[in-house]
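This report refers to the structure that appears directly beneath it.
The values are calculated or read from the model by the stated rules, or taken from the named source; none is laboratory data. Computed from a prediction, not measured in an experiment: that's the story for all the values here. Glycine also receives a Cβ, built like all others from the backbone with ideal geometry; neighbour counts cover every protein chain displayed. Surface areas here come from the heavy atoms of the whole protein model, side chains and all, with no ligands, DNA or RNA. Shrake-Rupley method; radii C 1.70, N 1.55, O 1.52, S 1.80 Å.
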Amino acid sequence: MVCARISAATPGKPKPGLRERKKLKTRQAIRRAAFRLFAERGYDATPVDRIAAAAEVSPSTVVRYFPAKEDIVLTDEYDALLAAGIRARPTDEPFVETLRHVTVGIMRDISATDRGELVQRIRLIRDVPAVRGRTAELTARHIETVSTALAERAGRPADDLAIRVVSAAVLAALQEAMLRWAGDHEATSPQELIQRSMDVLARGLTL
C-alpha cells in the first residue's frame, strides 16, 4: 500500500522490543533523510551514499534496510496494519465493509506531517519510472499479505482465486484513490476518495 511514522505494533500482539524499536527508528531516519533530499535535489540526483550521510548511517546500513533505492520509497508498514485490521474485524462483516473501515481508519490516524510525506511518496511512484517499475515487482508480495489475512478470516486457502482477486482489486482501488489524492491533496480528503473507491467495489464493479 501506498510511509508514515506509524507504530509497528499490531492489535493483539506485544509491543516491539528494544531491538525492533531501534530498527524502526533507523528505517524512519533513512526515509526522512531520503525524502528531504529527493525534494531538494530530485530522486535521480540523490545517490545512496548522500542519503546515508544525511541519515548519519553507513551506506551499507542503508542497503541492509533497503536493498534498492526504490525500496526507500516503497517499503512501509501499511500492509501489516491493513492485515492486522482485517483480522481484528468481526468475521461476519462483509469484506468490503471491513476493508472500508480499516483503510479509512489508517488514513484518519496519520498525522498532518506524515500526510505530507505520503503525498511526496505517491508522487514519486507516479513520476519516477524506476520507482513505478519496482512497484510492479512488489505487488505480488502486497497481495500475498492481504490474501493471507482474508483467507484466515474466511477459512479458505490463501491461494484461493476469489481471495486473490478480492485482494488485488482492493489494493488497486486504494492505489487509484491515493494517486487521485496526490494529484490535488488539498481539494479532497483521502478518506473520501477511499470511501468512493470502496463504493465501486461494494456495488460489484458496475459503473
Meets criteria (closer than 20 Å to Leu74 by Cα, modelled with pLDDT under 90 and crowded, with 20+ Cβ neighbours inside 10 Å) for Ala182: yes
Residues (open to solvent by 50 Å² or more (accessible area, probe 1.4 Å) and either touching a Leu at 6+ places or on another chain (Cβ under 9 Å) or at pLDDT 90 or above (or both)) located in segment 186-199: Glu192, Gln195, Arg196, Asp199
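Among the residues of segment 104-122, is any of a type in the set (A, V, I, L, M), farther than 23 Å from Arg31 by Cα, modelled with pLDDT of 90 or more and outside any loop (DSSP other than H, G, I, E, B)?
Within segment 104-122 (the criterion being of a type in the set (A, V, I, L, M), farther than 23 Å from Arg31 by Cα, modelled with pLDDT of 90 or more and outside any loop (DSSP other than H, G, I, E, B)), the answer is yes, since at least one residue qualifies.
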Verdict on Leu207 being surrounded by fewer than 19 Cβ atoms within 10 Å (Cβ to Cβ) and farther than 18 Å from Ala80 by Cα: yes
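Across segment 133-148, which residue is nearest to Arg41 (Cα to Cα) among those that are of a type in the set (Val, Ile, Thr) and crowded, with 16+ Cβ neighbours inside 10 Å? Break it down stepwise before answering.
Quick first cut of segment 133-148, residues of a type in the set (Val, Ile, Thr) only: 135, 139, 143, 145-146, 148.
Subsequent filtering for residues that are crowded, with 16+ Cβ neighbours inside 10 Å retains 135, 143, 145-146, 148.
On the way: Thr135: 22, Ile143: 33, Thr145: 34, Val146: 35, Thr148: 39 Å.
Checked segment 133-148; the qualifying residue nearest to Arg41 (Cα to Cα) is Thr135.
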Test for Glu93: is it within 20 Å of Thr145 (Cβ to Cβ) and either touching a Leu at 6+ places or on another chain (Cβ under 6 Å) or not in a helix (DSSP H, G or I) (or both): yes
Residues (charged (D, E, K, R) and either surrounded by fewer than 17 Cβ atoms within 10 Å (Cβ to Cβ) or in contact with a strand residue (DSSP E or B) (Cβ under 6 Å, 6 or more places away or on another chain) (or both)) located in segment 90-122: Asp92, Glu93, Glu97, Arg108, Asp109, Asp114, Arg115
Which listed residue is closer than 14 Å to Thr103 by Cα, open to solvent by less than 70 Å² (accessible area, probe 1.4 Å) and at pLDDT 90 or above, from Ala151, Ala177, Ala130, Ala168: Ala177
Residues of segment 61-89 that turn out to be among the hydrophobic types (A, V, I, L, M, F, W, C), surrounded by 19 or more Cβ atoms within 10 Å (Cβ to Cβ) and part of a helix (DSSP H, G or I), as a count: 8
In segment 37-60, the residues that are in contact with a helix residue (DSSP H, G or I) (Cβ under 7 Å, 6 or more places away or on another chain) and either open to solvent by less than 20 Å² (accessible area, probe 1.4 Å) or basic (Lys, Arg) (or both): Leu37, Phe38, Tyr43, Thr46, Arg50, Ile51, Ala52, Ala55
